[in-house]
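Here's the structure, in structure tokens; my notes come after.
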Amino acid sequence: MKTRITELFGIEHPIIQGGMHFVGFAELAAAVSNAGGLGIITGLTQKTPELLAKEIARCREMTDKPFGVNLTFLPTFSAPPYPEYIQAIIEGGVKAVETAGRSPEKYMPQMKAAGIKVIHKCTSVRHSLKAESIGCDAISVDGFECGGHPGEDDIPNFILLPRAAEELKIPFVASGGMADGRSLVAALALGAEGMNMGTRFIATKEAPVHENVKQAIVKASELDTRLIMRSLRNTERVLMNEGVKRIMEIERAKGAALTIDDIHDQVAGIYPKVMLEGDMESGAWSCGMVAGLIHDVPTCKELIDRIMREADELITQRLRAFNGR
Ligand SMILES: Cc1cc2nc3c(=O)[nH]c(=O)nc-3n(C[C@H](O)[C@H](O)[C@H](O)COP(=O)(O)O)c2cc1C
């Protein structure tokens with residue numbers, strides 16, 4: 001399938017694997033790219049720019065296809081050295097960067113001078129337009145369904161994607177709630193030129209996370225995520241567990257007086273415990289409502305091939321049949 005997204009990134013299928021903390025290691029990024037999508041290494045999971053450089057080199061040993069790096073500009077407890085991370089990306093020869101969180105404006109000249117294509121993840125049309133105006137090449141439009149940070153507008157993709165299509169000139173992918181061929185065809189119908197998946201790619205054979213995480217996603221239904229940190233305007237969609245219950249109790253007790261320090265212990269440093277050790281109740285980790293549509297743990301190639309086959313059948317059979325009536 002050819003779209004402006006496949007052309008932009010030089011990939012076979014219009015499917016991107018979103019950056020994911022302690023999931024987006026070289027193994028997953030390489031597997032997605034080898035399957036014809038765009039795999040993404042999560043920059044900040046690597047504690048230093050030097051470690052990111054090593055992760056990029058490791059990925060390059062596993063694939064000769066294009067892959068990208070995610071740089072997340074979120075409120076963190078201590079600001080990372082972004083220019084040095086970008087330098088590691090440039091020196092590693094990576095040509096695609098997925099930015100997320102705050103605007104990447106400050107860093108655009110450094111990335112553009114190196115010929116990097118920037119796809120910025122946005123949860124609103126106004127942020128998408130801003131990203132377009134500062135020279136981003138594409139947008140990952142992230143609906144309210146998404147795992148991770150859905151923003152504060154709460155607009156689901158059935159509205160957000162066609163609104164983005166009404167306003168944007170640069171291409172965009174649909175992100176949040178995407179799982180299969182139906183998602184891809186729907187995304188294309190609503191104006192996107194591909195899709196970005198997070199949660200779905202965790203439940204794959206190559207995702208280098210504990211088996212407990214994959215099984216938790218397979219077992220979860222669409223009812224099992226919760227939103228935390230709303231009152232801090234740093235909302236995160238996470239899978240319900242004992243740690244999340246503790247956070248919600250603290251949030252209820254503190255009300256509008258809640259500060260990040262009140263829940264620091266249940267949100268900071270949790271990812272390695274969950275993703276690497278499989279300690280599923282230890283605290284909050286991002287997960288999308290799309291868990292309800294995830295019933296197996298295929299390889300990335302099986303997943304992407306299946307998505308493309310389903311999409312083709314939907315377009316050429318189901319939709320065509322409606323057209324003939
Ligand atoms: C476990 C997990 C960790 C994530 N970490 C990040 C991150 O560090 N940076 C980022 O930009 N997005 C992150 N995301 C968001 C994903 O890149 C993607 O936008 C989102 O998962 C899409 O929604 P979906 O899960 O419904 O597919 C994370 C998502 C998950 C599920």
Item checked: Estimated distance in nm for a label pair at HIS295 and ARG252, the labels positioned 7 Å out from Cα along Cα-to-Cβ -> 3.4 nm
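Using a simple charge model, +1 on the beta-carbon of Lys and Arg, -1 on the beta-carbon of Asp and Glu, nothing else, what dipole does the chain show about its Cα centre, in debye to the nearest 20? Don't jump to the answer; show the numbers that get you there.
Details: 37 positive and 42 negative charges, 124 e Å.
It works out to roughly 600 debye.
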Note to self: Can you give the FRET efficiency to the nearest 0.05 for GLN110 and ARG325, using r as the Cβ-Cβ distance and R₀ = 56 Å?
What the structure shows: 0.55
Next item on the list: Calculate the length of the line joining the C-alpha centroid of the stretch 172-218 to that of the stretch 95-130, in whole Å.
Entry: 21 Å
Notebook entry, point to check: Which one of ALA284, ALA114, ALA29 has the biggest mean-square fluctuation once the chain is modelled by GNM with Cα springs under 10 Å?
Noted result: ALA114
Checklist line | Gaussian network model of the chain, Cα within-10 Å springs - most flexible of ASP180, ASP261, ASP137 | finding: ASP261
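Suppose R0 equals 41 Å. What FRET efficiency, 1/(1 + (r/R0)^6) with r the Cβ-Cβ distance, do ASP279 and LEU129 give to the nearest 0.05? The partial results should precede the final answer.
Details: r = 41 Å, r/R0 = 1.01.
For ASP279 and LEU129, the calculated efficiency is 0.50.
Helix-derived [θ] at 222 nm for the chain: sum -39500 (n - 2.57) over DSSP H runs of at least 4, divide by residue count, nearest 500?
After summing the helix terms and dividing by residue count, I get -11000 deg cm²/dmol.
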Margin query: Multiplying the sequence separation of ALA268 and SER103 by 0.36 nm and subtracting their Cα-Cα distance, what value in nm do you get?
Written below: 57.1 nm
Next item on the list: Return the distance in nm (one decimal) between the two label points of a simple spin-label model at THR48 and GLU166, each offset 7 Å from Cα along Cα→Cβ.
Entry: 5.0 nm
Next item on the list: Report the calculated FRET efficiency for GLU302 and ASP261 (r = Cβ-Cβ distance, R0 = 45 Å), to the nearest 0.05.
Entry: 0.55
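No value in this document is a laboratory result; all are computed from the given coordinates. Please read all numbers here as calculations on a predicted model, not as lab measurements. Using ideal geometry, Cβ is built from the backbone for each residue, glycine included, and neighbour counts are taken over all protein chains shown.
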